Amino acid sequence: MNDRPKIAIYWLGACGGCDSSLIDLGESLLELAEAVEIVIWPVALDFKHDRLAALPDKSLALAIISGCVRNSAHREMAELLRAKSCVVLACGACACLGGIPGLANLRPKGEIMAWVYGEAPTVVNPERIRPERNCEMNGEQLELPEFYDHVYALNQVVAVDYYLPGCPPPLDLLLGAIQGLLGNQPPPPGSILASAK
Ligand code: SF4
C-alpha cells in the first residue's frame, strides 16, 4: 500500500518562476519525489481536472500554490485545492501578496484592456478585437474565465496555512519549507516561512 503523503503543486496567475525553482532543486527534488507522491503538478505531469475533483476532501497532505487570483478559473482551482488539501502553502510573492501581477491593481481593468489590445505601441490590432467570454473557435463554443476587476492574493480567496514569500523563494527556503510542513513538527499555522528549515 502506498502511504506516502500526497501533494499537489499548482500555479494560478504566475510567471512559472516558482515552479522553475522547484525544478532547480535538482537531486533534492528527486529525493522529495521518493518521499511523497506528487499527484498534481501540471508542469511535470499530465493534469486531469477530473482526477483532482475525484479525490476525497483533505486527501492531499499539502498543496503548494503559486500565483495570484486574477480570474474565475484561478478561483475555482484555488477552492478545489483548498478542499482537497490538509495544508495550503502560498508559495512566492504573487500567492502571498499579489506580487508583480498585483501592480495591475494600480489601474482599472478597462484601462489595462484598452492598452493591451489597442494603445500599446507594439500592438497590431486595427479592428480593436478583444477576447469575449463566449466565443466560437474552429466550430466549438468556448467560454473564457471571468477576468476580475482586481488581482487577489491567495488568502483573499481561500484560507492559507503558511506563507513562503520571495520572487521566487530561495531554493534552500523552498526545500526547508516543504520538508518542515511534511515533517513531524510543522511550524505554527499562519507562519511566514522565511527561515524554515
Ligand atoms: Fe513568478 Fe515571482 Fe510570481 Fe513566483 S512570485 S510566480 S517567480 S512573479
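Please treat every number below as a calculation from the coordinates, not as lab data. Since the model is a prediction, treat every value here as computed from it, not as a measurement. Because the Cβ atoms are built from the backbone with ideal geometry, glycine has one as well, and the counts that use them run over all protein chains shown.
Kindly evaluate A53 against the criterion of being under 21 Å from L174 (Cβ atoms), of a type outside the set (V, I, T) and either assigned to a strand (DSSP E or B) or away from the ligand (no atom under 13 Å from the Cβ) (or both). No: the conditions fail for A53. Selection over region 128-169 of residues that are touching a residue at least 40 places away in the same chain (Cβ under 8 Å), in a loop (DSSP other than H, G, I, E, B) and over 16 Å from R70 (Cβ atoms) gives a count of 8. Here region 1-16 is the region considered, the condition is being outside any strand (DSSP E or B) and within 16 Å of the ligand (Cβ to nearest atom), and the residue that is nearest to N155 (Cα to Cα) is L12. Of the residues I112, I64, the single one that is β-branched (V, I, T) and within 20 Å of P168 (Cβ to Cβ) is I64. Scanning region 34-41 for any residue that is closer than 25 Å to E76 by Cβ, within 16 Å of the ligand (Cβ to nearest atom) and either surrounded by 17 or more Cβ atoms within 10 Å (Cβ to Cβ) or within 18 Å of the chain's Cα centre (by Cα) (or both) turns up at least one such residue. Summed over region 104-127, residues that are among the hydroxyl-bearing types (S, T, Y) and either outside any helix (DSSP H, G or I) or surrounded by fewer than 10 Cβ atoms within 10 Å (Cβ to Cβ) (or both) total 1.
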